[in-house]
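A short write-up of the structure that comes next.
The values are calculated or read from the model by the stated rules, or taken from the named source; none is laboratory data. Note that the coordinates shown come from a computational prediction; the quantities given were computed from them, not determined experimentally. For neighbour counting, all protein chains shown are included, and Cβ atoms are generated from backbone atoms with ideal geometry for every residue, glycine included.
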């Protein structure tokens, strides 16, 4: 799973070119190039504007790393629901009624990633698939296949990201996240929350986000 995280972060960093956020055009080029099988109609100006409005939570006209990870999480969450629906047909109707991000507003923009696509999966889509597989490897142990208990999540992070977290630059931040997991041991974490949590851990573990000053909206 560490390689999947490096891939997701790497695309953002390469697009950002030293800045902490992405201009709309840069973000658009990223998603069009790397989420071609998962998103559609983004060449339509009004469709993209609607999509960007949902992504840009703080309405600053830029896409931050957190907003980028939330976008990845929202799209991947739908893919995750479909993954479970294929295993449990009874939940298919429920899964199709809860589209993430752009899907809630314009379902035609969302095209769930599937093996029926004639286009090969991009590196980012492959990374998302790996995150989904890892999530369900642990969520499938007990209870709801859509969620992880806090204990299951801690096990996942320890088993799959032990080296990554051990080499964190900001160990206090990592300790805080892991401590929060212990403090809320009776909670449940869905796939979107899992992706956002991974993003928070990534920030804590990555030199790029720790060493640079927040200037960057040039």
Condition first: at pLDDT below 70, surrounded by 19 or more Cβ atoms within 10 Å (Cβ to Cβ), in a helix (DSSP H, G or I) and touching a helix residue (DSSP H, G or I) at 6+ places or on another chain (Cβ under 8 Å). Can you find one or more residues in region 157-179 that meet it? yes
Residues located in region 34-48, provided they are modelled with pLDDT of 80 or more, in contact with a strand residue (DSSP E or B) (Cβ under 8 Å, 6 or more places away or on another chain) and in a loop (DSSP other than H, G, I, E, B): 38
Yes/no for residue 20 being at pLDDT below 90 and closer than 11 Å to residue 63 by Cβ: yes
Go through (1) within 20 Å of residue 128 (Cβ to Cβ); (2) exposed (fewer than 14 other Cβ atoms within 10 Å of the Cβ); (3) without any contact (Cβ under 8 Å) to a residue 60 or more places away in the chain for residue 33 and report which single condition fails. (3)
Go over the candidates 6, 25 one by one and state the one that is out of contact with any strand residue (DSSP E or B) (no Cβ under 8 Å at 6 or more places or on another chain), over 24 Å from residue 132 (Cα atoms) and either surrounded by fewer than 18 Cβ atoms within 10 Å (Cβ to Cβ) or at pLDDT 90 or above (or both). 25
Conditions first: (1) at pLDDT 90 or above; (2) within 18 Å of the chain's Cα centre (by Cα); (3) assigned to a loop (DSSP other than H, G, I, E, B). Residue 31 passes all but one, so which condition is the exception? (3)
More than 16 Å from residue 133 (Cα to Cα) and either in contact with a helix residue (DSSP H, G or I) (Cβ under 6 Å, 6 or more places away or on another chain) or modelled with pLDDT of 70 or more (or both): is that true of residue 183 in this structure? no
